[in-house]
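Novice: Okay, here's the structure, questions in a sec.
The values are calculated or read from the model by the stated rules, or taken from the named source; none is laboratory data. Since the model is a prediction, treat every value here as computed from it, not as a measurement. Heads up, the Cβs are rebuilt from the backbone with ideal geometry, glycines too, and the neighbour counts pull from every protein chain shown. Just so you know, the surface numbers come from the protein's heavy atoms only, side chains and all, with ligands and any DNA or RNA stripped out. Shrake-Rupley method; radii C 1.70, N 1.55, O 1.52, S 1.80 Å.
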Amino acid sequence: MYDFDTVIDRKNTGSLKWDVKENELPMWVADMDFRTAPEIVEAIAKRVEHGVYGYSVMPDEWYGAYIDWWSRRHGLTMEQEGLIFCTGVVPAISSVVRKLTTPAEKVLIQTPVYGVFFNCILNNGRQVLENPLSYNGKEYSIDFADLEEKLSDPQTALMILCNPHNPIGKIWDRETLAKIGSLCKKHNVTVLADEIHCDLTDPNCGYVPFASVSDECRSISITAIAPTKTFNLAGLQTAAVYVHDKALRHKVWRGLNTDEVAEPNAFAVTAAAAAFTEGEEWLNELRQYVYENKAIVGEFLESELPQVKLVPSQATYLLWLDCGEVTEDAQKLSQFIRQETGLFLSHGNQYGGNGNRFLRLNIACPKATLRDGLERLKKAVRKHIGLAE
């Protein structure tokens, strides 16, 4: 039995998330307020004790940990030569954008989506092409007519697929992924699948790797994966890309090496291998805890703050809150909430699509912290719409 209830003081630790004013409560950026699995800590401590931290190579242990994990848990068979180390999923995305597209070409994303995708595209002189997801007031789906129209544009060279999708927490099913793959193949568009949240699914709920759907999907895709979100290891800069097609793999490998993001630090290999070989029990308990937190949020909003709706999700510890009855400018609402109560949330404007009416809430925290955040949210929103406490 692992401990997820203890509140850990993360202030004064150089934390991006917790470098905030006194009495502020950050529930925005996607890292967890839990200690990582003790098995991982033990493995890192053993590496620390060695005392020599020279240049590292990629041992068979690292490859085996990834290959076994994805085969056993996700049904994706990866050959060792298809795996390439990289320092992070975001560096990999930027590198792929630079290597596989030319300036002014278009990169398609499905919005609302992780805001850094915009940066990876625009900062490299490419054009963002949005395929906005359809929203019926409860859940999102793909507008395939719009998707094909935009994939058929000769200037569209790359599609970044987010699965599970951040911020809506949706797992795209096999049929949907197969249709995406077929359309991209038809229009000669490469798929870069960001699957970093894939292990953070609800209990008894799996995800489908894009590359596992068909030979077609496997041949046109690059899959970005990592233990960092799952085991709270983002600060160690450890990730991987999987590319089955030999010619495509060479381009990706050249891009990552040219950008100097293909070499591990002294702890990146140890932490990843320990996570995938020793961290399974911890992860299963974490998923249950996050699922319980999600239920707490749903019940709280329904009974205490019905003006805010929780979008149903199957994955991630990030909840997408529909504030359409409260605002059409989530950025201003988030600023108001932080000013009034100290609660720091992500505003949906940065995710594109219809994100202007949504807030994103990180629930990977002890239940006491979550309840504190919910009370702050209630207080601020009620004041914003003119309801007395």
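Novice: My understanding is that a pair violates if its Cα-Cα distance is over 29 Å; which of K99/K185; K46/K229; K99/K332; K17/K332 do that in this structure? If you can, show how the numbers build up before the last one.
Specialist: Numbers: K99/K185 19 Å; K46/K229 23 Å; K99/K332 37 Å; K17/K332 20 Å.
The pairs that break the limit, which is 29 Å between Cα atoms, are K99/K332.
Novice: Under unit Cβ charges (Lys, Arg +1; Asp, Glu -1), what dipole magnitude, rounded to 20 debye, does the chain have relative to its Cα centre?
Specialist: On the way: 40 positive and 52 negative charges, 169 e Å.
It comes to approximately 820 debye.
Novice: Extending each Cα 7 Å along its Cβ direction at V7 and K179, get the distance between those two points in nm, one decimal.
Specialist: Rounded to a tenth, the inter-label distance reads 4.6 nm.
Novice: In units of 2.2 N^0.38 Å, what is the alpha-carbon radius of gyration of the chain?
Specialist: 0.98
Novice: What's the longest uninterrupted piece of the chain once you rule out the chymotrypsin sites (Phe, Trp or Tyr not before Pro) that are loop residues per DSSP with at most 13 other Cβ within 10 Å? It would help to have the intermediate numbers written out before the result.
Specialist: Working: sites that count: Y53, Y55.
The longest such stretch corresponds to 56-389.
Novice: List residues of the range 125-167, by number, whose backbone nitrogen lies under 18 Å from a label position 7 Å along Cα→C-beta of T102.
Specialist: 125-128, 153-159
Novice: On to the next question. State the percentage of accessible surface on the range 123-185 attributable to carbon and sulfur atoms; use a 1.4 Å probe and exclude ligands, DNA and RNA.
Specialist: 44
Novice: Find which of I67, F117, H197 sits farthest along the positive direction of the dipole of the chain, computed with +1 on the beta-carbon of Lys and Arg, -1 on that of Asp and Glu, about the Cα centre.
Specialist: F117
Novice: Assign unit charges at the C-beta atoms only (+1 for Lys and Arg, -1 for Asp and Glu), then state the dipole size of the range 133-202 relative to its Cα centre in Debye, rounded to the nearest 20.
Specialist: 160
Novice: What's the carbon and sulfur percent of the range 1-97's accessible surface, probe 1.4 angstrom, rounded to a whole number?
Specialist: Roughly 53 percent, rounded to a whole number.
Novice: Right, next: Taking the full set of protein chains and a 1.4 angstrom probe, give the accessible area of V261 in square angstrom, rounded to the nearest 10.
Specialist: In the full protein context, V261 sits at about 20 Å².
Novice: Please compute the per residue accessible area over the range 92-156 with all protein chains in place, 1.4 Å probe, rounded to a whole number of Å².
Specialist: I get 42 Å² per residue for the range 92-156.
Novice: Just how far, in whole angstrom, is the range 325-389 from the range 161-222 if you go by their alpha carbon centroids?
Specialist: 30
Novice: If you place +1 on the Cβ of every Lys and Arg and -1 on the Cβ of every Asp and Glu, how big does the dipole about the Cα centre of the range 74-224 come out, in debye to the nearest 20?
Specialist: 320
Novice: Could you check how much of the accessible area of the range 293-386 is carbon and sulfur, as a whole percent, using a 1.4 Å probe?
Specialist: Ligands and nucleic acids excluded, carbon and sulfur reach 46 percent.
Novice: Still on this structure: Starting from 0.36 nm per residue, how many nanometres of slack lie between D19 and T277 once their C-alpha separation is accounted for?
Specialist: 89.6 nm
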